[in-house]
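First comes the structure, then the notes that go with it.
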């Protein structure tokens, strides 16, 4: 199960991070998780929101360059070795991870890992075969 992620390019300057967050907030769009990477001149803000089409449209109206990417979210035990176990499964199957980030779900000692894979469908097959819980939108977005 793939989830849509928005990536937007922002300037590396004061206020640049808060502006898109405020825009989405005012539209009633909740950011479930985000990741921020930067260089000296620009940054990439990666967001997961339930209403990604609406968010994309709002951000583009404000002249943000927005890219939609498929990512895969999995549930992992929030304890030492949880991530290492997942990465071992991926390594053993020669699955390439482009990037990842995580957040705790606060449920049953679990965390959520969000992966961008070179071949997401292949990664989902490998993870599912090893009984690793691949999460769909119903698990990521609160009701």
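Throughout, read-outs are computed from the coordinates displayed, never taken from laboratory work. Computed from a predicted structure; not experimentally measured. As a convention, Cβ positions derive from the backbone with ideal geometry for all residues, glycine included, and neighbour counts pool all protein chains shown.
Taken over the stretch 1-131, the ratio of Cα radius of gyration to 2.2 N^0.38 Å equals 1.14. Computed on the chain, with alpha-carbon pairs under 8 angstrom and 6+ residues apart, the relative contact order is 27 percent.
Of the peptides 115-126, 34-45, the ranking by mean beta-carbon count within 10 Å, highest at the top, reads 115-126, 34-45. The GNM of the chain, with springs linking C-alpha atoms under 10 angstrom apart, assigns the highest mean-square fluctuation among 72, 112, 89 to 89.
Counting 0.36 nm for each residue step from residue 121 to residue 60 and taking away their Cα separation leaves a gain of 19.1 nm. Working note: Debye formula, equal point scatterers on the alpha-carbon atoms of the stretch 24-67, no solvent; log10 I(q)/I(0) at q = 0.25, 0.30, 0.34 Å⁻¹ is -0.97, -1.19, -1.27.
Using C-alpha pairs under 8 Å with a sequence gap of at least 6, the mean separation divided by the residue count of the stretch 2-69 gives a relative contact order of 47 percent. Adding -39500 (n - 2.57) for every DSSP H run of four residues or longer, then dividing by how many residues the chain holds, sets the calculated 222 nm ellipticity at -8500 deg cm²/dmol. Exposure proxy for 6, 90: other Cβ atoms within 10 Å of each Cβ, ordered fewest to most, give 90, 6.
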